[in-house]
Amino acid sequence: MFKLKYIITEKILDNIAQITAGREVIERAQIIPKWELKLQKEARIHNAHSSTSIEGNKLTLEEVEALSEGKEVVATQKDKKEVINYLKAIDLIPEYAEKRTISKQLFLKIHKTITEGTLKDNKNAGFLRKQQVFVGRRVFDGTGFKQVVEYMPPDTKDVPRLVEEFMDWLNSDKAQKVNPVLLAGIVHYETARIHPFIDGNGRTARLMAALILYKSGFDHRRFFAIDDYYDEDRPSYYNALKTVQKAKGDITEWLEYFTDGVLFSINRVKETISRLDISTRGKGLEQIELTSKQIKILERVKEKGKITNKELQIMLSVSRQAVLKEIFKLIDAGLIELVGKGRNAYYRFKEI
């Protein structure tokens, strides 16, 4: 029988409160739809890069972005395939979420999507492991390198039962009553703990957490790049996972860490939105794609309250006509307006 052991600490409560408040700001934001697509694209690229990088993938963020656009990248076939697979799995999250339950079959399908063509034996993609594995690291002991076991997962013969019990709990009424952020953290940890596959367990755990956040409606706009939090400080990520062993199965410290990561991602998105002051703008507007120059214009207008064409020429190092080209699109979108004429003319946010 699957059992959970944790307590809701003040830190978890505080994180959840801040996460809820931050998400409300994001949910209320009437973001220009094409800018919303840009946020989604960035989260997709960052998650694919970070989740694969944690496991040793050598592709840079720029190379991951290039791959996502179908461009050629000079790298090993395995590294490229891992990234392409993870991007595909991210794109399939809405399809996965349409299923009434997260079944064992779906769980295996997710792993197959993530690992297809990247394992030593492709027959292991989408199948539970049939041999014992361990999580280790190489250390130098003064005479040579040796492998140190960091974590020994459950015995292979127990894996099918553990997965079945976990899936039964995940689809139970009891699980549905758990806060979606905590539920995502539980799913992340339990997938990593069981270590049900020969390889790709970490990527599967992180994708499963993302699925929970989407399926619950928490990240239905797909803005959050939580995997960045793990990749920016990998030792802390691994140490957080290890705390459960030290605490004899209590996942409280892990959930504190996990909610830290969600809050980190929430704040990043919130700051991006507030930086452009688009939380009350764009409602009912035509979808437009903002250029980097247009974003700088909006940021400067927010900072100063108003700005002239001459000031924009200096800021952007372009001609008057080049400024007007950028400005006209923002005016047409109803974001800014021209006030006054001649030398006294300036631009400001359009009053709504």
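Once you've got the GNM for the chain with C-alpha springs shorter than 10 Å, pick whichever of A247, A210, A184 has the biggest mean-square fluctuation.
Among A247, A210, A184, the largest GNM mean-square fluctuation belongs to A247.
If you build a Gaussian network model of the chain, linking Cα atoms that sit under 10 Å apart, which residue out of A29, A322, A125 swings the most?
Of the options given, A322 has the highest mean-square fluctuation.
Can you pull out the trypsin sites (Lys or Arg not before Pro) in region 136-191 whose DSSP state is coil and whose Cβ has at most 13 other Cβ atoms within 10 Å?
Details: sites: R137, R138, K146, K157, R161, K174, K177; in loops: K177.
Passing both the DSSP loop test and the Cβ count: K177.
Can you give the extra length, in nm with one decimal, that the chain gains between L316 and T291 once fully stretched, where that is 0.36 nm per residue apart less the Cα-Cα distance?
On the way: separation 25, 0.36 × 25 = 9.00 nm, distance 1.25 nm.
In short, 7.8 nm is gained.
Mind running the shape call on the chain? Use the C-alpha gyration tensor, a ≥ b ≥ c as the square roots of the eigenvalues: rounded below 1.5 for a/c, prolate if a/b tops b/c, oblate otherwise.
The shape class here is prolate.
Work out the charge dipole of the chain with +1 on the Cβ of Lys and Arg and -1 on the Cβ of Asp and Glu about the Cα centre, then indicate which of Y214, T243, A29 is farthest towards its positive end.
Most positive-ward Cα: A29.
Could you line up D231, D79, D219 from fewest to most neighbouring Cβ atoms inside 10 Å? Don't jump to the answer; show the numbers that get you there.
Details: D231 17, D79 20, D219 26.
Final ranking by Cβ density, sparse to dense: D231, D79, D219.
Treating the beta-carbon of each Lys and Arg as +1 and of each Asp and Glu as -1, no other charges, what is the dipole magnitude of the chain about its Cα centre, to the nearest 20 debye?
Computed charge dipole of the chain: roughly 600 debye.
Given that compact globular proteins tend to follow 2.2 N^0.38 Å, what is the ratio of the alpha-carbon Rg of region 213-252 to that value?
1.51
Hey, if you put +1 on the Cβ of every Lys and Arg and -1 on every Asp and Glu Cβ in the chain, which of T156, I8, A345 ends up farthest toward the positive end of that dipole?
A345
Helix-only estimate, please: 222 nm mean residue ellipticity of the chain, summing -39500 (n - 2.57) across DSSP H runs of length 4 or more and dividing by its residues, to the nearest 500. Can you show the working numbers first?
Numbers: 16 runs with 205 residues, N = 352.
Here the helix-only value at 222 nm equals -18500 deg cm²/dmol.
May I ask you to sort T272, T52, T143, T60 by Cβ crowding, counting other Cβ atoms within 10 Å and putting the fewest first?
Exposure proxy ranking, most exposed first: T143, T60, T272, T52.
For K248, which lysines qualify as cross-link partners when the Cα separation must be under 19 Å and same-chain residues fewer than eight apart are set aside?
Excluding near neighbours in sequence, the set is K3, K5.
What list do you get for T243, T101 if you sort them by fewest beta carbons within 10 Å?
Arranged by neighbour count, lowest to highest, T243, T101 become T101, T243.
Would you kindly give the portion of the calculated P(r) for region 1-96 that falls above 15 Å, as a percent of all Cα pairs?
Roughly 71 percent, rounded to a whole number.
Rounded if a/c is under 1.5, else prolate if a/b beats b/c, else oblate: with a ≥ b ≥ c from the C-alpha gyration tensor eigenvalues square-rooted, which is region 292-349?
Rounded shape, in that the Cα axes give a/c under 1.5.
Throughout, read-outs are computed from the coordinates displayed, never taken from laboratory work. Note that the structure is a prediction, hence the values are computed from the model and not measured. Reconstructed Cβ throughout: ideal geometry from the backbone, glycine too, with neighbour counts over all protein chains shown.
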